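I have placed the structure first, in the form of structure tokens, so that the comments after it can refer back to it.
All of the numbers you see were taken from the coordinates with simple rules; none came from a lab. Values in this document were obtained by computation on a predicted structure and should not be read as measured data. A quick note on method: Cβ atoms are made from the backbone with ideal geometry, for glycine too, and the neighbour counts reach across all protein chains shown.
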Amino acid sequence: MEPKVIEGTWEEVTRRSHELAGHRVRLTVLSAPTSQEQADEAAFKQHLLEAGLISRLPELPAEADDEDDAPIDVAGEPLSETVLRERR
């Protein structure tokens, strides 16, 4: 089985626990941005707005990991293998 990468907040990952049941997992805790990094990012976004390079900041969806977007099992060869085979 090829390793599967699931990245997100702890809450987002635990909502997908049904996918991980019975599997060995490796957890890497990534550091959260510091308040200075968050302030720097906010200042950069404000600069982009003031410079007219962007007209507005995108709104983040309330739920980025929608369960309706879960992968669907499809019979047959994986699409990635089909693409690679056809490009040869």
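How much mean residue ellipticity at 222 nm does the chain get from its helices, if each DSSP H run of length 4 or more adds -39500 (n - 2.57) and you divide by all residues, to the nearest 500 deg cm²/dmol?
Values: 4 runs with 34 residues, N = 88.
The helix contribution divided over the chain gives -10500 deg cm²/dmol.
Recomputing Cα extents along the principal axes in Å from the coordinates shown identifies the correct label among (1) 51, 35, 25; (2) 127, 11, 8; (3) 67, 17, 16 as (1).
Ordering PHE44, THR82, LEU30 by Cα displacement along the dipole of the chain toward the positive end leaves THR82 in first place; charges were set at the Cβ atoms of Lys, Arg (+1) and Asp, Glu (-1). Compute the acute angle (0 to 90°) between the alpha-carbon long axis of helix 35-50 and the principal axis of greatest extent of the alpha-carbon atoms of the chain; round to the nearest 10°. With both axes taken from Cα atoms, the answer is about 70 degrees. About its Cα centre, the dipole of the chain is roughly 440 debye, where the only charges are +1 on Lys and Arg Cβ and -1 on Asp and Glu Cβ.
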